[in-house]
Amino acid sequence: MELQEKITTLLKQCIAYADDILLTTRTKQSLLDTFQKLKEISAQYGLIVNGQKTKYLRCTRENYRPEELQIDSMYLEQVQSYKCLGSTVHSDNSTEEEIQYRITLGNKAYYANQFLFKSILVYKKSKLKLYWSIIRPIVTYAFEVQVLKETMKNQLMVFERKVLRKICGPTKERDGT
């Protein structure tokens with residue numbers, strides 16, 4: 001598949017991880033052509049595409065009626081969201097639900113390790129290292145490359161402050177209050 005162009009002008013992309021393949025195209029016809037070529041190349045190596053597991057997602061902010069795509073004898077179901085490498089992609093390109101899900105996972109990770117964070121035997125510096133190496137990566141996974149709205153950034157900062165307050169305890173002002 002001739003996929004070597006600049007990412008900003010790329011008409012089609014193919015991302016493969018283990019036995020999952022993600023095709024990203026800008027047009028419906030490009031998707032049909034790329035999928036057909038993928039099926040042909042897979043067949044050369046004795047692999048087949050499972051039509052029941054194959055889905056497609058149309059990302060747009062416009063309202064549209066879901067429809068099935070037919071390629072040869074295969075019907076591809078249209079979905080509103082899918083999970084790829086641990087992140088959920090929605091048809092309207094929104095990330096609000098994903099952020100809420102990540103914050104929930106971060107809370108679960110904190111409470112699962114609560115005995116360490118509340119222990120007086122563990123130094124504060126060690127607790128902070130645990131936070132930075134365990135909880136924060138869970139919450140911020142895949143957000144390094146996304147553009148976030150201010151409200152979403154605030155939600156993430158509120159979560160971080162909440163956890164850091166629990167780890168570090170109350171703080172005092174310079175005047176001792």
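The values are calculated or read from the model by the stated rules, or taken from the named source; none is laboratory data. Just so it is clear, the model here is predicted, and its values are computed rather than measured. All Cβ positions, glycine included, derive from the backbone under ideal geometry; neighbour counts span all protein chains shown. These accessible areas exclude ligands, DNA and RNA; they are computed on the full protein's heavy atoms, side chains included. Shrake-Rupley method; radii C 1.70, N 1.55, O 1.52, S 1.80 Å.
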### Message
Six or more apart or on different chains, Cβ atoms under 8 Å: show the pairs whose first residue is in segment 76-105 and at positive phi and whose second is among the aromatic types (Phe, Trp, Tyr) and open to solvent by 50 Å² or more (accessible area, probe 1.4 Å).
### Response
Leu85/Tyr17; Gly86/Tyr141
### Query
Which of the residues that make up segment 43-60 are open to solvent by less than 70 Å² (accessible area, probe 1.4 Å) and closer than 17 Å to Asp33 by Cα?
Ala43, Val49, Gly51, Thr54, Tyr56, Leu57
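Scan segment 118-150 residue by residue and report those that are aromatic (Phe, Trp, Tyr) and at pLDDT below 90.
Let us first name the residues in segment 118-150 that are aromatic (Phe, Trp, Tyr), namely 123, 131-132, 141, 143.
Tyr141, Phe143 - these are the residues of segment 118-150 that are aromatic (Phe, Trp, Tyr) and at pLDDT below 90.
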### Task
Just give me the residues in segment 106-137 being without any contact (Cβ under 8 Å) to a residue 12 or more places away in the chain and among the aromatic types (Phe, Trp, Tyr), in sequence order.
Tyr111, Phe115, Tyr123, Trp132
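Scan segment 36-60 for residues that are assigned to a helix (DSSP H, G or I) and either in contact with a Leu (Cβ under 6 Å, 6 or more places away or on another chain) or without any contact (Cβ under 8 Å) to a residue 40 or more places away in the chain (or both) and jot them down. I'd like the intermediate steps shown before the answer.
So in segment 36-60, the residues assigned to a helix (DSSP H, G or I) come out as 36-44.
Of everything in segment 36-60, those that are assigned to a helix (DSSP H, G or I) and either in contact with a Leu (Cβ under 6 Å, 6 or more places away or on another chain) or without any contact (Cβ under 8 Å) to a residue 40 or more places away in the chain (or both) turn out to be Gln36, Lys37, Leu38, Lys39, Glu40, Ser42, Ala43, Gln44.
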#### Entry: Check on Lys37, under 23 Å from the mean Cα position of the chain (by Cα) and either modelled with pLDDT of 75 or more or open to solvent by 50 Å² or more (accessible area, probe 1.4 Å) (or both)
no
### Query
What are the residue pairs meeting all of these: first residue in segment 161-175, first residue at positive phi, second residue modelled with pLDDT of 85 or more, Cβ atoms under 9 Å, and 6 or more apart or on different chains?
Gly169/Lys124
### Query
Out of curiosity, is Lys153 open to solvent by 40 Å² or more (accessible area, probe 1.4 Å), part of a helix (DSSP H, G or I) and modelled with pLDDT under 90?
yes
### Query
Taking strands (runs of 3 or more DSSP E) that fall entirely within segment 61-144, which contain at least 3 residues that are small (Gly, Ala, Ser) and open to solvent by 80 Å² or more (accessible area, probe 1.4 Å)?
none
### Task
Answer with yes or no whether Ile167 is farther than 24 Å from Thr88 by Cα and in a loop (DSSP other than H, G, I, E, B).
no
### Residue in segment 93-107 that is closer than 24 Å to Leu31 by Cα and touching a Cys at 6+ places or on another chain (Cβ under 6 Å) present
yes
